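Have a look at the structure below before the remarks.
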Amino acid sequence: MISSFPPGLIMIIGALLIPFLPHIIRQIYMLVLILVSSYALTLGFGIHYKIEIMDIQFIIFQSDSLTLPFAIIFHIAAILNVIYGAHEKHWNQHAAIMSYSGAAIAAVHAGDLFTLFVWWEATAFTSVFLILASKTQRSYRSAFRYILIQVGSGMFLLAGAILLMSETGNSEFRSFDINSLYGQLIFIAFGIKAAFPLLNGWLQDSYPEASEIGTVALSTFTTKLAIFCFAKSFAGTEILIMIGAIMTFYPIFFAVIENDLRRVLTYSLNNQLGFMIVAIGIGTELAINGAVAHAFAHILYKGLLFMGMGAVLYRVGTCKASELGGLFKFMPITAICTIIGAISISAFPLFSGFVAKSLIMSALGKEGLVLVYFMLLFASAGVLHHSGIKIPFFAFFAHESGIKTKEAPLNMIIAMIIASALCILIGVFPSYFYEILPYQIHYQPYDFSHVVGQLQLLTFAAFAFICLWHFKIYPPELNSTVLNSDWIYRKMIPGVLLPLLNLINDINKKIELFIEFLFISIKKFFANTMIKNKVFDREVGQDTLIVVQLFIILLIFIFVWKIYL
Amino acid sequence: MKYLIEKFGKINTSVLFLCIIFLILELIGHRYGETSIEDILFFPAFFGYLSCIIIFKIGVSLRSFLMKDEDYYDK
């Protein structure tokens, strides 16, 4: 029994003790919890733990070649989060991160949709505290919107699970048909968490409002859990190719004009999810490997970039490009680690992004999806622009902001160095990395064409940016709000609904007045008839009433007589 | 060379030289792409440069109607 204890669950249960432990012991305790949880990954593939309640099977712990890479990277990310957040003395964020990571790991190992639903919602309820941890009015509001949308996604999942159960008699978490109603409901649930176009507003709305530690954790689990679910249930679903291509494409423009560098990273996150979604849509072994490899590498380099910006936020108190600049001399290690993250996400050879993205691009090329291929190639240049250059350049170089600060705390530096080292190791030794992917395929990312083509693409895109900046064509960053799809529920719906409600209210009042008028008129009419010698005069009225009563009795008598005789 | 560094800066000049090196590399070896269009000489270089300019241009043009005051949602 203890050997088949579901990974992640120990972290959730263990998180209950976190408030009662002193700071240093708490940090060690959390690392131990993660290591104990990771032991379950050594048990091999298959169903390890299931329970049956009222003839319904709940598969709590199952593993296969798809769960393993996600489980590994989720555990690594959980360790990095603990190290990165070690300077935080208060227990609340630590407890949230531990239970949030645990819920995501447990969700990956769920074998049925009801178990997945429980962990799905658990990730929402645990992660919302990381947004609340900022303790600002904006973060409170954002957290409220976040939890509504996340729970809403869970409701779609639950509805899909119930429908599946009623139609097929089981709720196994497996491949689903997009043409079925339950398939569509589950697809929407996953799509909300994967921040599909127009469903993505919550991502840019909430993540940048979280604490510096919280954003790192948030960037790891929720969206990648959705990617895992898509890979498991909708691999080869063609519509995903176009959805993913759009996802890679449009956030670039938003990222270019966004001023808050953590929000820029959320657009970039959206764009990277697009690459994974495209690969899942293709559905071949090479493509699925590409999606998983990209998710794995992305957790590391995006986490690293968020760590860099979190360190800047922690030290300087802002992440706005318009207010930053020239921090390299004060935070050189943070800057170098952020640059490594930026190089990785841009997919320069010898870094993790290159070995992961190459799989997806090759899969696209092999399938002959030329349009999508060029959309993703365009997006690759965009990634270099907004994440590869914009993030490190505006934070650590650009202009002299006059800000004087000091290097990030030691724990943050350690976490960033480990993440940087992993980004490089994956890039230098891709064959070891490819071994943990779901399918064993032979793929060589480092051939002359790949390397030279990619280097030309990236260096010339960088040169274009340099020209724009050097010749002062690039406009200055401005303090602003960039409208995104969250505008629909933050401005448009209230903007349409409130006048509509006011109109309904007005009509309602007018109807009330009319009824009142009608009532008064009728009252007046009858009042006039009740005066002396009129029909309803008290004395005459009594006689009239007797006549009416007699008439009714006569009617009842005829009715009964007709029926029974 | 000195003039270039003075006018353009050290880092910018280095990137320019890297660009030239990667173009020369293509002339030395045989580069092929995943699609036949990519086989055109220096295609990735053109594509990368143009993409960056297009992204910039579209981004800047979007500023006029996507960019609002910082307290837009708080009003």
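Here are some notes:
- For chain A, with +1 on Lys and Arg beta carbons and -1 on Asp and Glu, the positive-most of A:158, A:90, A:277 along the dipole: A:90
- Ranked by how many other Cβ atoms sit within 10 Å of their own Cβ, fewest first, the residues A:280, A:546, A:360 fall in the order A:546, A:360, A:280.
- Inverse of mean 1/r across different Cα pairs in the protein assembly as shown, Kirkwood, Å: 27.1 Å
- On Cα atoms only, tilt of B:10-28 relative to the major axis of chain B in degrees: 50 degrees
- Loop-located trypsin sites (Lys or Arg not before Pro) in segment A:1-109 (DSSP state not H, G, I, E or B) with no more than 15 neighbouring Cβ atoms inside 10 Å: A:89.
- Within segment A:94-225: Cβ-based charge dipole about Cα centre, in debye rounded to nearest 20 (Lys, Arg +1; Asp, Glu -1): 400 debye
- Nearest-ten-degree value, helix A:285-316 long axis tilted from longest Cα axis of chain A: 90 degrees
- Centre separation in Å (Cα based) which lies between segment A:79-134 and segment A:477-499: 29 Å
- Fewest neighbouring Cβ atoms within 10 Å first, the residues A:429, A:394, A:275 line up as A:429, A:394, A:275.
- For the set A:193/A:404; A:232/A:491; A:320/B:57; A:472/B:10, the pairs lying more than 29 angstrom apart at their alpha carbons are A:193/A:404; A:232/A:491.
- Qualifying trypsin sites (Lys or Arg not before Pro) in segment A:288-387, DSSP loop, other Cβ atoms within 10 Å at most 12: A:329
- Both numbers refer to the Cα atoms of segment A:46-85; Rg and Dmax are 14.7, 45 Å.
- Angle in degrees between helix A:137-168 and the longest Cα principal axis of chain A, rounded to the nearest 10: 80 degrees
- Test item: Cα-centred dipole of the protein assembly as shown, Lys/Arg +1 and Asp/Glu -1 on Cβ, debye: 1600 debye
- Packing-based exposure ordering (other Cβ within 10 Å, fewest first) of A:434, A:439: A:439, A:434
Read the figures in this text as sums done on the coordinates, not as results from a lab. Remember, predicted model here, so these are calculated numbers, not experimental data. We place every Cβ from the backbone using ideal geometry, glycine too, and count neighbours over all the protein chains shown.
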